[in-house]
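Some notes on the structure that comes next.
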Amino acid sequence: MTDHRLPAVSPGFLLWRATLRWQREVAAALAPLDLTHVQFVLLACAWWLNGQGESPNQLTLARFAGVDIKMASQVLAGLERKGLVERVPDPADGRAKHVHITDTGTALAPTAIAAVEAVDTAFFHPVDERSAITLLAALADQE
């Protein structure tokens, strides 16, 4: 039986430490692009969904990205000020806004995605990628 009172064998503590290290590395990779991590996630998700022919509203985009809707709205406002997305009112629901990536956002998204994928490749290189994906997917889908 594992003694979880010891940080070195506590899964939660190790996940915490690994997550913080990964977040620092992602933040460093995105800094030259003037994007925060959450800005990147929402930009990349909007880019992908728009590329699939979808016009998500803010709620749909927030759920897809797994972020709080209020935070998503604030972050999307910042991305809109940077000219990376535009939010268009839904004619059927005046409270809802659809998110469309701009030409500037379309140009930046693949560069940002490549930067984060490079971090992921370096960060996860010590472990089997398929096993890591299986584990993380199982943990992410426990809601």
Amide H within-cut-off set for THR102, under 5 Å, with H built and near neighbours excluded: VAL85, GLU86
Apply the Karplus curve 6.51 cos²θ - 1.76 cosθ + 1.60, θ = phi - 60°, to the phi angles in segment 106-122 and return the couplings in whole Hz, x for Gly and Pro. 5, 6, 7, 3, x, 5, 5, 4, 4, 5, 6, 5, 5, 4, 4, 4, 5
For segment 85-93, just list the computed ³J(HN,Hα) in residue order, Karplus coefficients 6.51, -1.76 and 1.60, θ = phi - 60°, integers in Hz, with x standing in for Gly and Pro. 9, 10, 10, 10, x, 7, x, 7, 8
Under 5 Å, built H, 5+ apart or other chain: amide partners of LYS97: GLN58, LEU59, ASP90
Sequence of LYS97, LYS82 once ranked by neighbouring C-beta atoms within 10 Å, starting from the fewest: LYS82, LYS97
Can you give the helix-only mean residue ellipticity at 222 nm for the chain, where every DSSP H stretch with n ≥ 4 adds -39500 (n - 2.57) and the sum goes over all residues, rounded to the nearest 500 deg cm²/dmol? -20500 deg cm²/dmol
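Every number in this text was worked out from the coordinates using simple rules, so none of it is lab data. All of these numbers come straight from a predicted model, not from anything done at the bench. Ideal geometry is used to build each Cβ from the backbone, glycine not excepted, and the neighbour counts take in all protein chains shown.
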